[in-house]
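Trainee: Here it is, the structure in full.
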Amino acid sequence: MSVRKIKDGVYAVGVNHWDRKLFDEIIPLPNGTSYNSYLIIGSEHTALIDTVDPALTDEFLRNLQEFKDLRIDYVISEHAEQDHSGSIPKVLEVFKDAKVVTNEKCKELLMEHLLIPEDKFIVVKDYEKLSLGNKTLQFILTPWVHWPETMSTYLEEDKILFTCDFFGSHYATSELYAENSEIVLEGAKRYYAEIMMPFRNFIKSNINKISKFDFEIIAPSHGPMWNDPKFIVNAYSDWISDKVSNTVLILYTSMHGSTKAAVEVLYNALVEKGIKVVPFNLVSADIGEIAIFLVDAATVIFAFPTVLTGPHPLGANITYFANAIRPKVKYAAVITSYGWGGMTVKWVKDHIGNLKAELLDEIEIKGLPKDKDIERLKALADKIEDVHKKLGIL
Ligand code: FEO
């Protein structure tokens with residue numbers, strides 16, 4: 001990605017990672033991602049906001065070399081995670097007089113993770129300002145979007161809010177702005193689901209905090225910028241709200257067809273009732289897509305066979321993941337088929353404590369579903385219909 005001008009003295013200097021396939025070695029990236037960095041050249045000082053993943057440091061430094069006689073006084077580090085901070089040591093090598101400006105918590109993490117010496121830091125407090133001459137930066141602590149040290153930076157004169165992971169999207173593009181594109185929004189939802197959703201309760205206070213600032217552009221550190229900030233702020237407000245959709249997510253896999261037969265009974269019964277059902281076969285499912293549906297599905301069904309005495313490993317994996325990202329799902333159920341016995345239901349129940357979901361049923365089926373099992377699966381569909389009606393979503 002070459003350098004793009006945003007405003008006079010404000011440039012996008014980050015890089016696209018078009019061909020990155022996985023984030024955190026778990027979330028598929030159908031559209032790649034980007035690590036954004038912004039250069040702000042004031043009349044007296046120059047600041048660089050965040051850097052890029054170490055995998056692309058060279059390309060990033062080439063972007064900076066496009067500025068003749070560039071001097072960087074401040075490297076603003078909004079977040080210590082390495083996809084944004086990992087190139088700071090190299091930047092400090094090249095720009096020897098630069099200081100890292102960040103908050104106390106972020107300083108500690110950067111010293112631990114990147115071995116940056118303490119004398120390289122300038123520590124700022126919440127709402128503290130830094131003058132670059134004709135441009136002024138103000139730092140706003142926004143913890144837990146994504147780590148405890150994350151902060152945003154407000155560029156007063158140009159009304160730009162730099163938010164790092166907050167409002168970011170997994171979307172590599174040559175365009176500067178998202179232009180309210182639905183496909184970028186999906187990239188933002190994929191990002192939110194894995195990275196932000198576990199901290200849903202903190203996001204509300206951070207939205208309130210940034211809302212006091214008069215910004216016209218949100219410039220995150222992943223994906224394009226939002227030139228209609230309301231679009232992404234409203235989407236976030238919706239995702240973090242208690243509202244759920246009339247959706248049942250079925251996370252299943254099947255070894256010999258028994259669990260699949262049970263899933264089909266439930267699927268058909270729910271569809272007949274006008275409930276949206278989204279089944280994912282865990283063998284081939286995109287875990288990021290599952291996470292997107294977990295953002296607001298009302299009900300989730302864990303359905304997989306018992307292997308030896310416990311859940312099929314693909315089932316254990318998705319249960320662990322769903323529990324870790326803390327979706328606001330209201331109801332759950334477990335379905336398992338088994339050969340001779342096992343503890344799958346207990347295992348799942350023991351591993352979904354974060355979900356705060358009411359367990360509607362736990363159905364254990366020996367082999368293929370028989371009439372009594374089919375009745376129970378249909379009864380589960382009836383219960384789901386009832387609770388969705390009570391929620392006012394059906
Ligand atoms: Fe994009 Fe939490 O790093």
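The values are calculated or read from the model by the stated rules, or taken from the named source; none is laboratory data. Just so you know, these numbers come straight off a predicted model, no measurement behind them. Positions of Cβ are backbone-derived with ideal geometry, glycine not excepted, and every protein chain shown enters the neighbour counts. SASA here: full protein model, heavy atoms, side chains in, ligands and nucleic acids out. Shrake-Rupley method; radii C 1.70, N 1.55, O 1.52, S 1.80 Å.
Trainee: If you keep only loop residues by DSSP, which GluC sites (Glu not before Pro) in segment 1-86 have at most 15 other Cβ atoms within 10 Å of their Cβ? List each step's numbers first, then the result.
Mentor: Working: sites: Glu25, Glu44, Glu59, Glu66, Glu78, Glu81; in loops: Glu25, Glu44, Glu66, Glu78, Glu81.
For GluC sites (Glu not before Pro) across segment 1-86 that sit outside H, G, I, E and B with at most 15 neighbouring Cβ atoms in 10 Å, the list reads Glu25, Glu44, Glu66.
Trainee: Taking only protein heavy atoms and a 1.4 Å probe, what accessible area per residue, in Å², does segment 4-239 have with all protein chains in place?
Mentor: 40
Trainee: Sum up the charges of everything whose Cβ sits under 11 Å from the Cβ of Leu380, counting Lys and Arg as +1 and Asp and Glu as -1, but leave Leu380 out. All intermediate terms of the calculation are to be shown ahead of the outcome.
Mentor: Details: positive: Arg376, Lys378, Lys383; negative: Asp361, Glu362, Asp373, Glu375, Asp382, Glu385, Asp386.
It works out to a net charge of -4.
Trainee: Only Cα pairs within less than 10 Å get springs; with that Gaussian network setup on the chain, which residue of Ser284, Ser205, Ser34 has the largest fluctuation?
Mentor: Per the Cα network of the chain with a 10 Å cutoff, Ser284 tops the list.
Trainee: What is the percent carbon and sulfur in the accessible area of the chain, measuring with a 1.4 Å probe over the protein chains and ignoring ligands?
Mentor: Details: 8330 of 16420 Å².
Its accessible area is 51 percent carbon and sulfur atoms.
Trainee: Over the alpha carbons of segment 247-389, what is the largest minus smallest coordinate on each principal axis, giving the biggest first in Å?
Mentor: Projected onto the principal axes, the Cα atoms of segment 247-389 cover 36, 31, 26 Å.
Trainee: Given a 1.4 angstrom probe, what's the average accessible area per residue across segment 247-389, in square angstrom? Walk me through the intermediate numbers first.
Mentor: Numbers: 6100 Å² over 143 residues.
Per residue, segment 247-389 has 43 Å² of solvent-accessible surface.
Trainee: Moving on. Of Val124, Leu394, His84, whose Cα points farthest to the positive end of the dipole of the chain (charges on the beta-carbon: +1 Lys, Arg; -1 Asp, Glu; origin at the Cα centre)?
Mentor: It is Leu394, whose Cα lies furthest towards the positive end.
Trainee: What dipole magnitude, in Debye to the nearest 20, does the chain give about its Cα centre under +1 on Lys/Arg Cβ and -1 on Asp/Glu Cβ? Display every interim value, and only then the final one.
Mentor: Working: 43 positive and 55 negative charges, 215 e Å.
The dipole magnitude comes to about 1040 debye.
Trainee: Placing +1 at every Lys and Arg Cβ and -1 at every Asp and Glu Cβ, with all other atoms neutral, what dipole size does segment 247-389 have around its Cα centre, in debye to the nearest 20? Mind dumping the intermediate values first?
Mentor: Working: 16 positive and 16 negative charges, 40 e Å.
It works out to roughly 200 debye.
Trainee: In Å and from the alpha-carbon atoms only, list the Rg and Dmax of the chain.
Mentor: 23.9, 79
Trainee: Same structure again: Give me the one-decimal nm value for the distance between modelled label points at Glu112 and Leu359, 7 Å along each residue's Cα-to-Cβ direction.
Mentor: The modelled label-to-label distance comes out at 3.5 nm.
Trainee: Further question: Kirkwood hydrodynamic radius, computed over distinct alpha-carbon pairs, for segment 50-148: how many Å, to one decimal?
Mentor: Values: mean 1/r = 0.0715 Å⁻¹.
Evaluated over segment 50-148, this radius sits at 14.0 Å.
Trainee: Counting only chymotrypsin sites (Phe, Trp or Tyr not before Pro) that sit in a DSSP loop (anything but H, G, I, E, B) with at most 15 other Cβ atoms within 10 Å, what is the longest stretch of the chain containing none of them? List each step's numbers first, then the result.
Mentor: On the way: sites that count: Trp18, Phe67, Tyr127, Phe213, Trp340.
Between exposed loop sites, the widest span is 214-339.
Trainee: Still on this structure, please answer the following. Pick out which of Gln82, Gln65, Gln138 has the largest mean-square fluctuation in a Gaussian network model of the chain, springs linking Cα atoms closer than 10 Å.
Mentor: Sorting by GNM fluctuation, first place goes to Gln65.
Trainee: Could you count how many Lys pairs in segment 69-225 have their Cα atoms under 15 Å apart, skipping same-chain pairs fewer than 8 positions apart?
Mentor: 14
Trainee: Mind checking which of Ala297, Ala55, Ala98 has the largest fluctuation in a GNM of the chain, springs on alpha carbons under 10 Å?
Mentor: It is Ala55.
Trainee: Looking at the square roots a ≥ b ≥ c of the eigenvalues of the Cα gyration tensor of segment 1-120, which shape do they give, rounded for a/c under 1.5, prolate if a/b is larger than b/c, or oblate?
Mentor: Working: a/c = 1.96, a/b = 1.15, b/c = 1.70.
Oblate is the answer for segment 1-120, as a/c is 1.5 or above yet b/c matches or exceeds a/b.
Trainee: Less than 17 Å from a label point 7 Å out along the Cα-to-Cβ axis of Glu272: which backbone N atoms in segment 239-262 qualify, by residue?
Mentor: Within reach of a label on Glu272, which here means backbone N under 17 Å from a point 7 Å along Cα→Cβ, segment 239-262 contributes 261-262.
Trainee: Okay, moving on. Pull out the extension gain between Asn134 and Ser211, defined as 0.36 nm times the separation in residues minus the alpha carbon to alpha carbon distance; nm, one decimal. All intermediate terms of the calculation are to be shown ahead of the outcome.
Mentor: Values: separation 77, 0.36 × 77 = 27.72 nm, distance 2.39 nm.
Fully extending the segment from Asn134 to Ser211 adds 25.3 nm.
Trainee: In addition: Work out the charge dipole of the chain with +1 on the Cβ of Lys and Arg and -1 on the Cβ of Asp and Glu about the Cα centre, then indicate which of Leu39, Asn16, Ile207 is farthest towards its positive end.
Mentor: Selected residue: Ile207.
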